[in-house]
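The values are calculated or read from the model by the stated rules, or taken from the named source; none is laboratory data. Everything numeric in this text was worked out from a predicted model, so none of it was measured. Ideal geometry is used to build each Cβ from the backbone, glycine not excepted, and the neighbour counts take in all protein chains shown. Note: accessible area is taken over every heavy atom of the protein model, side chains too, but ligands, DNA and RNA are not part of it. Shrake-Rupley method; radii C 1.70, N 1.55, O 1.52, S 1.80 Å.
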Amino acid sequence: MSDSQSDAASGAFPPGFLWGAATASYQIEGAAREDGRTPSIWDTFSHTPGKVLGGDTGDVAVDHYHRWREDVGLMKQLGLGAYRFSVSWPRVQPTGRGPAVQRGLDFYRRLVDELLASGIQPALTLYHWDLPQELEDAGGWPERDTALRFADYAAIVADALGDRVENWITLNEPWCSSFLGYGSGVHAPGRTDHLATLRAAHHLNLAHGLGAQRLRAAMPARNRIAISLNTAVVRPLTQSPEDQDAARRIDALANGIFDGPLLDGAYPEDLIADTARLTDWSFVRDGDLAAINHPLDALGLNYYTPSLVSRADDNAAAPRADGHGTTEHSPWPCADDIAFHQTPGERTAMGWTVDPTGLYDLLMRYTRKAPDLPLYITENGAAYDDKPDPDGQVRDPERLAYLRAHLGTVRRAIQDGADVRGYYLWSLLDNFEWSYGYSKRFGAVYVDYATQARTIKASGHWYAELAKTGRLPKEPADSMT
Ligand code: IFM
């Protein structure tokens, strides 16, 4: 038994386990038109009537651009060891080309310095979905040039912050950028073209690889480079060969399309065969796969809920609801005959089933697939309809139970050999939940959107206790729950 396995067996997380929280630029910053920032695809999308619930936009969000110092203070109160944030590409390189804007970079430098002074490790994500609109106008992720532009942008940020940020994540959830952005169209830029979806996925992979090369060249060797994937845990509805094949196909489209080139240096053969009627994949050029296969220092996994699929008898009847909204257009290319089902059990406010076994399965899957790669859970959490009580406290027992259950399975996975080094709660603050606007609250900290007042929720106090002791607290942190 390794040291970390025996720690886990004794109820504790391994020493040095990183307790973090995560956010993303467009979801929290606001200040959409300040200091030279130009519009991203999410500015355009959210300002298009009918795209985001209630017509919400990220114009103000939770005003983190101005309240960042207060927010670092909240992180200190939560006892966080790490904070994962993303850089807004159009804030530091407006329009996605050309020189950097110093004021934009200065914002992140101040934030990082404050984190370091507070003993909180920064973990920087380069791309969490806010593509400069001008790059989308030039074709967006389906076009190869966007990957080259990303590599230049990565070098700019590495030059500015590589001396003080040690944890780097190239992309967040490239599946969402490609399949929701270009397939179902429920995310920006809102296109519904399955060939564009697959091209976007490849160019996001290429962006990761080229970006990782540039980061490596520009930064001290101690810095770690990772990517955050929202790998799906895909389960067949029944054990019939048809349902098992449906699960295999969705697995290839959700996972193999990213972890194949990243970890094995190739797209899975079944993915190529399953999508042959749409494309011959000739947009993959010589040298691309080697670039994407650039060595990683860690793998980030984001987990919320598993997927349950079956082969639909009647194509027209295949439900579209797959956890990302019920949409007119499926995000999944060449999979119109596959149906998605609600997994049984309690659901969060997103309608996502609470199933911590999926997180265990995910961690063990990548332990088997990439045994030498440290794993980080770069997102996990739940939305609930939180409201302050008359005494001003925010009691969120469902989220607390969700976190406790999921962290219990993380501990079990460590005990069973998974090299999990840290956990980032999604999210630090309530924020702009993409096409759901401000209607879904994921934060450990409640935000009153009218006043921007912040209140640590009961689950946040509980998490602080966990971060302090490295053990799952037996009882809620205080009488609030
Ligand atoms: O809010 C998002 C985040 O931006 C990416 N991962 C999933 C979260 C919850 O939907």
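Things worth noting here:
- Projecting the Cα atoms of Val233, Ala246, Ala401 onto the dipole axis of the chain, where Lys and Arg carry +1 and Asp and Glu carry -1 at the beta carbon, places Ala401 farthest toward the positive end.
- Dipole magnitude of the chain, debye to nearest 20 (Cβ charges: Lys/Arg +1, Asp/Glu -1, about Cα centre): 1020 debye
- Cα gyration tensor shape for region 123-258, rounded if a/c is under 1.5, else prolate or oblate: oblate
- For the chain, the share of DSSP beta bridges that are antiparallel, to the nearest 5, is 25%.
- Summarising the amide proton neighbourhood of Arg347: residues at separation of 5 or more, or on other chains, whose placed amide H is nearer than 5 Å comprise Val354.
- Separation between Cα centres of region 417-479 and region 215-253, rounded to whole Å: 25 Å
- Only protein heavy atoms count here; on that basis, with a 1.4 Å probe, Arg411 has an accessible area of about 60 Å².
- For region 43-125, the dipole from Cβ point charges (+1 on Lys and Arg, -1 on Asp and Glu) about the Cα centre works out to 240 debye, to the nearest 20.
- Among Thr38, Leu428, His341 the positive-end extreme of the charge dipole of the chain (Cβ point charges): Leu428
- Gyration tensor verdict on region 334-481 (Cα atoms; rounded if a/c is under 1.5, prolate if a/b is larger than b/c, oblate otherwise): oblate
- Amide H within-cut-off set for Gly162, under 5 Å, with H built and near neighbours excluded: none
- Tally of Lys pairs whose C-alpha atoms are under 27 Å apart, taken over the chain, 8 or more apart or cross-chain: 14
- The chain - mean residue ellipticity at 222 nm from DSSP helices (-39,500 (n - 2.57) per run, n ≥ 4, rounded to 500): -10500 deg cm²/dmol
- Here region 389-481 is treated with +1 on each Lys and Arg Cβ and -1 on each Asp and Glu Cβ, and its dipole about the Cα centre works out to around 300 debye.
- Close amide H partners of Asp193, meaning residues 5 or more places away or on another chain with modelled amide H under 5 Å apart, are Gly183.
- Rounded, prolate or oblate (a/c below 1.5 giving rounded, otherwise prolate when a/b exceeds b/c) for the chain by Cα gyration tensor: rounded
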